[in-house]
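One structure below.
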Amino acid sequence: MRRESGKLTLGVLASRMSRLKAVGENLSDQETTDFIAALYPNFNDEVDFESFLKVYLKLHAHASSRTGNPAKNSSAFLKAATTTLLHTISESEKASYVAHINNYLAQDGFLNKYLPIDPSSNDLFEIVKDGVLLCKLINVAVPGTIDERAINNKRLLNPWERNENHTLCLNSAKAIGCTVVNIGTQDFIEGRIQLLADLNLKKTPQLVELVDDSKDVEELMSLPPEKILLRWMNFQLKKSSYKKIITNFSTDVKDAEAYAHLLNVLAPEHSNPSTLAVKDPLQRAKLVLDHADRMGCKRYLTAKDIVDGSPNLNLAFVAHIFQHRNGLSTQTKQISFLETLPDDAHVSREERVFRFWINSLGNSTYIDNVFEDLRNGWILLETLDKVSPGIVNWKVANKPPIKLPFKKVENCNQVVKIGKQLKFSLVNIAGNDIVQGNKKLILAYLWQLMRFNILQLLKNLRSHSHGKEITDVDILRWANTKVSNSGSQSRMDSFKDKSLSDGIFFLELLSAVQPRSVNWSLVTKGVTDEQKKMNATYIISIARKLGCSIFLLPEDIIEVNQKMILTLTVSIMYWFLKQPVEEKPAATSDSENGSQLETLSNSTTDDSASESSVE
């Protein structure tokens, strides 16, 4: 793509916009160009990148209105990253985010020039413009998500490099479970993930003290972090004279009484007898925060935020108290029982991939556990409708909350019926298997659904596939051809080829589709386990930086998980094929790409290359 001092030609701008898939590619290049020309009559030569983003936001709203699907708050991330509009978040939330950043990134070598940020200024919105801070915060939330070697972290970045950082951030955010469809302010910084990281039995096995038997333990393991935090808070409050049950982090805590009792239980040595005697909620909230300070808990909110019932900030406050002092004891009997529970790392990784993929689609409900949250069938129906619009018969679907079990079975029966319609392999699978939470069958169904989705994306690139089905063999052939044409001898025999564990082939592939993407001085030989992991993390970050939406972990590459290897290859292939001619490496022509896919068969998708384990 032609670039001069961060400028984009109008023609290329229109082409890029139509490919941004604001609402499903429902605007043609010509419609896009006409819309821009009507909005900005003087945009007849070149526009800078920030103007491009502003136009994109308007175009997104226009395209959304055409489908009758207005995207509420969908531009919040771009607004926060490219302008100084502050009306979308409260000053209290901004101060909380700034405190989180100043606390967790204070020792970062690159950011120490900008930190600490003054919460009363607009500096936060200036600092995030280059995307580096956002990438660093992703790694604070889930360490190791982004390979920092892939971040463009020069002191002065051009618009293209900034955009790469933002792309890397957004794709990485999706990969750790952030919602970036209809993105909101709480997702913008996403300190929430960091604060709730310890609220699971793996990180804090003492949580088993909250339950009485094995059945309750399994239920606890399936709860989202917020629910666990509420259960913990009520567990501690039972030790005091407080009789109410806390059900939320808003109206139930705004009088600060529950906080006063909770802190008296956890840190009685710092209690103030006058706290509960005070009648004014605001004054009581101030005394609660003084108590929290004395026990070493950093504030995430003000007394007014407590009284106003700010759910995000109250959640952060309680989570921080839990991190600092949870008041739980290690009970040998229960911990021992916990160690006997099955721990299938492979199943856990697959569940994570499918969970984050489903959440990235922007369904009505955020899911925290695939095996529990999909059992009523509704989210599966929503996901099917996203993947294949119009395929769900909503007239016979039952919307949550669903109390009658047979209504859940009806939803799941339709899920299975649609799966067979899409030619999934569903031998001996019935709707009731999903309702019962059968892990093996749910994972088998989700793999086929995810695979169908990514192959449909390729099929929809009709200029390359001519609308024909693309098989695993075609994908394998494409990847080997790209690497071979770049002059490398690397190749993969299948998606379970053990030689792929060193990561070299995928680095060669990424370099072939975008020569400037890989810094070979940072690549290891991939001999030792540590070297393989370094290469794998680099591969994932480079792919996300280009624009690939992938959910695999470094272990999936190192262990050559054939399902995840297939999704990685398809994502790279899809990204490359949707690039306009002017953006592709000079050595690659459209005719070359077309010839690679001319041999596509008309057969349905198969597992001949990946030898999928789905049965």
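The values are calculated or read from the model by the stated rules, or taken from the named source; none is laboratory data. In this text, all values refer to a predicted model and were calculated from it rather than measured experimentally. Cβ atoms come from the backbone with ideal geometry, glycine included; neighbour counts cover every protein chain shown. Side chains are part of the model used for accessible areas, which takes the heavy atoms of the whole protein and leaves out ligands, DNA and RNA. Shrake-Rupley method; radii C 1.70, N 1.55, O 1.52, S 1.80 Å.
So how many residues does region 390-433 have that are assigned to a helix (DSSP H, G or I), of a type in the set (D, E, K, R) and loosely packed, with under 15 Cβ neighbours inside 10 Å? Even if it seems obvious, please write down each step before you answer.
So in region 390-433, the residues assigned to a helix (DSSP H, G or I) come out as 394-396, 405-421, 431-433.
Okay, now just the ones that are also of a type in the set (D, E, K, R), so 395, 407-408, 410, 417, 420, 433.
Now narrow it down to the ones that are loosely packed, with under 15 Cβ neighbours inside 10 Å: 395, 417, 420.
Summing the residues that are assigned to a helix (DSSP H, G or I), of a type in the set (D, E, K, R) and loosely packed, with under 15 Cβ neighbours inside 10 Å in region 390-433 gives 3.
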| query | What do you reckon, is residue 508 modelled with pLDDT of 95 or more and either assigned by the TED database to the domain that holds residue 353 or open to solvent by 10 Å² or more (accessible area, probe 1.4 Å) (or both)? | reply | yes
| Out of all the residues in region 346-363, is one or more open to solvent by less than 50 Å² (accessible area, probe 1.4 Å), at pLDDT below 85 and charged (D, E, K, R)? | no
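How many of the residues making up region 237-263 are more than 15 Å from residue 282 (Cα to Cα) and either open to solvent by 40 Å² or more (accessible area, probe 1.4 Å) or not assigned by the TED database to the domain that holds residue 312 (or both)?
Of all residues in region 237-263, those more than 15 Å from residue 282 (Cα to Cα) come to 237-249, 261-263.
The next check asks that each one be either open to solvent by 40 Å² or more (accessible area, probe 1.4 Å) or not assigned by the TED database to the domain that holds residue 312 (or both); those that pass are 238-239, 241, 243-245, 247-248.
Number satisfying all stated conditions: 8.
Given the condition among the acidic types (Asp, Glu), at pLDDT 70 or above and crowded, with 18+ Cβ neighbours inside 10 Å, answer yes or no: does some residue in region 162-170 qualify? Steps first, please.
Of all residues in region 162-170, those among the acidic types (Asp, Glu) come to 164.
From what is left, the residues that are at pLDDT 70 or above are 164.
Pick out the ones that are also crowded, with 18+ Cβ neighbours inside 10 Å and you get 164.
Yes, region 162-170 contains at least one residue that is among the acidic types (Asp, Glu), at pLDDT 70 or above and crowded, with 18+ Cβ neighbours inside 10 Å.
Could you grab me the full set of residues in region 352-392 that are polar (S, T, N, Q), over 22 Å from residue 402 (Cα atoms) and within 19 Å of the chain's Cα centre (by Cα)?
First, the residues of region 352-392 that are polar (S, T, N, Q): 359-360, 363-365, 369, 376, 383, 388.
Retained after the next criterion (residues that are over 22 Å from residue 402 (Cα atoms)): 360, 388.
Answer for region 352-392, where residues must be polar (S, T, N, Q), over 22 Å from residue 402 (Cα atoms) and within 19 Å of the chain's Cα centre (by Cα): just 360.
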